[in-house]
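Peer 1: Please read through the structure below; I'll follow up with questions.
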Amino acid sequence: MRGTPHARIDLDSALVSGSGSELIEAVGSTLRAAGAWLRRHKPECVTGFAVLVTVLVALAFVGALLDDRAIASNRAFTAATVLDGSNFSRTLVRFTLPDGQAVVPERGVMYPRGLEPGSTIIVEYSTEKPSLVRVAGRSALDRLPVLLGTAAGVWVVFGAWAWWLRRRRAERDVAAADAGRPVDAARV
């Protein structure tokens with residue numbers, strides 16, 4: 001079966017018959033085909049990654065806008081204490097609702113830039129969902145420069161890399177055509 005490009009090993013029969021060598025050959029054949037495809041499409045994969053990051057950045061901004069809208073629709077203000085144990089991914093705060101219930105949102109407070117543990121701040125929260133809380137006066141627009149910078153940085157790095165990969169592939173194709181050899185798209 002080796003060496004024939006269109007030969008396929010039936011994975012189900014390899015699993016049922018218990019033939020480990022057929023299964024290994026099937027997996028190896030699949031991995032070789034996937035590797036060849038990836039080598040031929042490096043620039044497209046790099047560009048696809050940049051597009052994926054850009055979409056994730058856009059979704060993060062839309063999610064922040066939706067959270068802001070939810071808070072604005074049923075807004076309440078209160079004082080909150082910034083807790084120890086906060087880290088880069090979240091800043092924990094504790095505040096008290098009008099009914100006396102203490103709340104420490106699991107996801108932390110939104111837009112926490114510059115907060116220090118032990119300090120008291122004013123926060124806005126949704127009365128329908130008190131765990132949805134942000135620093136008073138801050139919004140998704142405060143996050144926009146960071147998100148745009150992230151997307152721009154990704155495109156500077158990965159866009160340049162994809163451009164270089166495409167240019168390199170085109171130069172090899174031209175050189176192969178000039179030499180009378182078939183163009184080998186797998187060598188990027």
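The values are calculated or read from the model by the stated rules, or taken from the named source; none is laboratory data. Source: prediction; values computed, not measured. Every residue, glycine as well, gets a Cβ built from its backbone with ideal geometry; the counts of neighbours run over all protein chains shown.
Peer 1: How many residues are part of a strand (DSSP E or B) and over 32 Å from the mean Cα position of the chain (by Cα) if we restrict to segment 96-120?
Peer 2: Total meeting the criteria: 3.
Peer 1: Residues to consider are Leu132, Leu83, Leu115, Leu92; find the one that is of a type outside the set (Gly, Ala, Ser), surrounded by 12 or more Cβ atoms within 10 Å (Cβ to Cβ) and more than 23 Å from Gly63 (Cβ to Cβ).
Peer 2: Leu83
Peer 1: Restricting segment 70-80 to residues that are surrounded by fewer than 13 Cβ atoms within 10 Å (Cβ to Cβ) and in a helix (DSSP H, G or I), which is farthest from the chain's Cα centre (by Cα)?
Peer 2: Ser73
Peer 1: Here's another thing I want to ask about it. So Ala152 ticks every box in (1) part of a loop (DSSP other than H, G, I, E, B); (2) out of contact with any Phe, Trp or Tyr (no Cβ under 9 Å at 6 or more places or on another chain); (3) surrounded by fewer than 18 Cβ atoms within 10 Å (Cβ to Cβ) but one. Which box is left unticked?
Peer 2: Here Ala152 clears every test but (1).
Peer 1: Please work out which residue is surrounded by the fewest Cβ atoms within 10 Å (Cβ to Cβ), limiting yourself to segment 37-69 and to residues that are among the aliphatic types (A, V, I, L, M) and either touching a helix residue (DSSP H, G or I) at 6+ places or on another chain (Cβ under 7 Å) or not in a helix (DSSP H, G or I) (or both).
Peer 2: The selected residue is Leu38.
Peer 1: Of everything in segment 133-149, what is touching a residue at least 60 places away in the same chain (Cβ under 8 Å) and either touching a Phe, Trp or Tyr at 6+ places or on another chain (Cβ under 6 Å) or among the small types (Gly, Ala, Ser) (or both)? Give them in sequence order.
Peer 2: Val133, Arg134, Ser139, Ala140, Leu147 - these are the residues of segment 133-149 that are touching a residue at least 60 places away in the same chain (Cβ under 8 Å) and either touching a Phe, Trp or Tyr at 6+ places or on another chain (Cβ under 6 Å) or among the small types (Gly, Ala, Ser) (or both).
Peer 1: Give just the number: which of (1) modelled with pLDDT under 95; (2) within 16 Å of Ile71 (Cα to Cα); (3) among the acidic types (Asp, Glu) does Glu124 not satisfy?
Peer 2: Failing condition for Glu124: (1).
Peer 1: Here's something else I'd like to know. Inspect segment 138-147 for any residue being under 27 Å from Val53 (Cβ atoms), surrounded by 12 or more Cβ atoms within 10 Å (Cβ to Cβ) and of a type in the set (Asp, Glu) and give the result as yes or no.
Peer 2: Yes, segment 138-147 has at least one match.
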